[in-house]
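**Q** First the structure, which I've put down as structure tokens, then a few questions once you've had a look.
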Amino acid sequence: KSVRLYHFSKSNCLHLFKHANLVASVDFHPLDDRYFISGGLDKKLRLWNITDGRVKDWAQAPEVITSTRFTPDGKYAVAGLLRGQVYLYEADGLKYYTQIACRNRSGKNRKGKKVTGISFLREVDDKSEHSEEHHPSLTERLSETGRSVANLVATKVLGNPEALSTRRTDRMLVSTNDSRVRLYGLNDFCMIRKYKGHTNNSMQIRARVSESGSHIACGSESGHCFIWDVDPNKNRLKKNMINKQIQSTKDKSKSTDYFEASKASLPIVTDTLFFPTKTVRESLLTSKEVFPLSLGMDRIDDDFSSAAILTLDYDGTIRVFIRKTCIDNILEACTPRGGTMA
């Protein structure tokens, strides 16, 4: 019934934030670390001021809150609920904004299952794999007349003249206990794609997105790590991880790659995480015994943001897997044939 704040350099708790009931999820504000949100069994979404140690704003949700996140721009607080609903609130004042029902239209899961995780990704220009680079907004691509109409709609209907540009590329990934991961566009809040193949019936398993926004990874109650292309129409992730055999399913409804990531007595992969591109590059460059000649990594044509994955299982074991094709590309570039040797 509480949230404890720690700093990695100190062993003692910095502050204790008491709640009325069990807390299921918390998330720091992405732009202002003085604030965080929390949600739990009392159905209340709270915005906390860390400096004051008090609740700044709160909102009552209709169901138990099982997952919370801020949108990347910090303008909205998102709450995933017990029956598959996702509620969006304006971060300033926690005023209700809109909601999404993450459930099937028919079948045994039509009533909705618990939201176990929420992630966000930004649409990346095909010419670049760096999401921080500028991408023309919708209004920037319109004519003068169209731009005026778009601004009028944003101001009169959405109540925010910047709404079209701030929401143009954001997409939201929702994991639920019906063993599904759904991708929604935040421009119209419609489902873009559904990913399946893994098993997530009861655990708090959350799908993660690579830094480039090209791939999704998710743990499974089967002991495997599953990988999907965000856009399955593009080239799929190359197979073969080091010391691990990747299997693949070709069915259109569940096209995925997966590999065994846990051999524990209770083989459940509870979480996965892609390493950032910078971390992968620096790690490989500093491994001089393995890659003594890898000086031309900038010339290697590979998506390093999907090259290494960290997994955690139910026994608390942490493992790191590296994509074999990434290593092969580096070794190829480090030879005279690759052309990167001085």
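**Q** Only residues that are over 20 Å from LYS95 (Cα atoms) and either hydrophobic (A, V, I, L, M, F, W, C) or open to solvent by 70 Å² or more (accessible area, probe 1.4 Å) (or both): list them for the range 17-40, please.
**A** Matches in the range 17-40: PHE17, LYS18, ALA20, LEU22, VAL23, ALA24, ASP33.
**Q** Let me ask you something else. Test ASP52 against the stated conditions and say whether it is of a type in the set (Asp, Glu) and touching a Leu at 6+ places or on another chain (Cβ under 9 Å).
**A** On the way: of a type in the set (Asp, Glu): yes; touching a Leu at 6+ places or on another chain (Cβ under 9 Å): no.
When the stated conditions are applied, ASP52 does not pass them.
**Q** Quick one: would you say THR311 is closer than 16 Å to ARG208 by Cα and either modelled with pLDDT of 85 or more or touching a strand residue (DSSP E or B) at 6+ places or on another chain (Cβ under 7 Å) (or both)? Show your work before the answer.
**A** Values: closer than 16 Å to ARG208 by Cα: yes; either modelled with pLDDT of 85 or more or touching a strand residue (DSSP E or B) at 6+ places or on another chain (Cβ under 7 Å) (or both): yes.
Yes: the conditions hold for THR311.
**Q** Among the residues of the range 21-39, is there at least one that is more than 22 Å from the chain's Cα centre (by Cα), part of a loop (DSSP other than H, G, I, E, B) and within 23 Å of LEU186 (Cα to Cα)?
**A** No, the range 21-39 contains no residue that is more than 22 Å from the chain's Cα centre (by Cα), part of a loop (DSSP other than H, G, I, E, B) and within 23 Å of LEU186 (Cα to Cα).
**Q** Every residue in the range 197-227 that is among the β-branched types (Val, Ile, Thr) and assigned to a strand (DSSP E or B), please.
**A** Of the range 197-227, the ones among the β-branched types (Val, Ile, Thr) are 199, 205, 209, 216, 227.
Those that are among the β-branched types (Val, Ile, Thr) and assigned to a strand (DSSP E or B): VAL209, ILE216, ILE227.
**Q** Looking only at the range 40-77, filter to residues that are of a type in the set (Gly, Ala, Ser) and not in a loop (DSSP other than H, G, I, E, B); which one of those is nearest to GLN99 (Cα to Cα)?
**A** So, considering only residues that are of a type in the set (Gly, Ala, Ser) and not in a loop (DSSP other than H, G, I, E, B), the one nearest to GLN99 (Cα to Cα) is ALA77.
**Q** Follow-up question, since we're still on this one. Could you tell me which of the residues SER212, SER248, SER253 is modelled with pLDDT of 60 or more and not acidic (Asp, Glu)? Break it down stepwise before answering.
**A** On the way: SER248 fails: modelled with pLDDT of 60 or more; SER253 fails: modelled with pLDDT of 60 or more.
The conditions single out SER212.
The values are calculated or read from the model by the stated rules, or taken from the named source; none is laboratory data. Not measured: the values here are computed from a predicted model. Neighbour counts are summed over all protein chains in view; Cβ atoms, including those assigned to glycine, are modelled from backbone coordinates with ideal geometry. These area figures cover heavy atoms from the full protein model, side chains too; ligands, DNA and RNA do not enter into them. Shrake-Rupley method; radii C 1.70, N 1.55, O 1.52, S 1.80 Å.
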